[in-house]
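One structure below.
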Amino acid sequence: NLLVVSFAIFAFLAGFGRELLITLRDVEGDKKIGAFTLPMLLGPSLTTWVASLFLLSAIAATYFPIANEYFAGNSPSLWVYLLLVGVCDAFLFFCAYSSIRDYSKENLSKIRNYSLKAFQLALVGFLLLAVLSLAIG
């Protein structure tokens, strides 16, 4: 099922990108306890670029279901999905852009909150798409 696969790909890509940024925020604490994380290895600049690449890839994954039979012509489910996922994608794009420009601890904390909002919207969008596709098909 393309919808399930699309959601899984989105969840992995967005989740991994977000976790890189969250871990970057906690590097000082990780050093204190002797943990060795990917952001410690890559450094802050490269970590934000890698995380942003994952977030942008997650945005692309949200459009996989559009190519499927879930959307017959100009269906209402298409517009509901595009609205919710479009806002989610805007949040994720902002997170990627903002992290590259400023990877301070304060900004990464803001990004954490925005990414949670994005995930909530994506979850609702995929859920509504699944419900509407079952109701229609």
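The values are calculated or read from the model by the stated rules, or taken from the named source; none is laboratory data. All figures in this text were calculated on a predicted structure; none of them were measured in a lab. Just the protein is used for accessible areas: all its heavy atoms, side chains included, with ligands, DNA and RNA removed. Shrake-Rupley method; radii C 1.70, N 1.55, O 1.52, S 1.80 Å.
Things worth noting here:
- Per residue solvent-accessible surface (Å²) - the chain, probe of 1.4 Å: 55 Å²
- Calculated P(r) of the stretch 1-51 - Cα pairs past 14 Å, %: 55 percent
- Accessible carbon and sulfur surface of the chain relative to its total accessible area, %, 1.4 Å: 69 percent
- Most mobile of Leu82, Leu20, Leu46 in a GNM of the chain (Cα contacts under 10 Å): Leu46
- Aspartates and glutamates whose Cα lies under 12 Å from that of Lys110, excluding same-chain neighbours fewer than 8 positions away: Asp102
- DSSP H segments from the chain that extend 30 Å or more along their own axis, Cα-based, with Kyte-Doolittle mean of 1.6 or above: 2-25
- Scaled radius of gyration (Cα, divided by 2.2 N^0.38 Å) that the stretch 16-127 gives: 1.23
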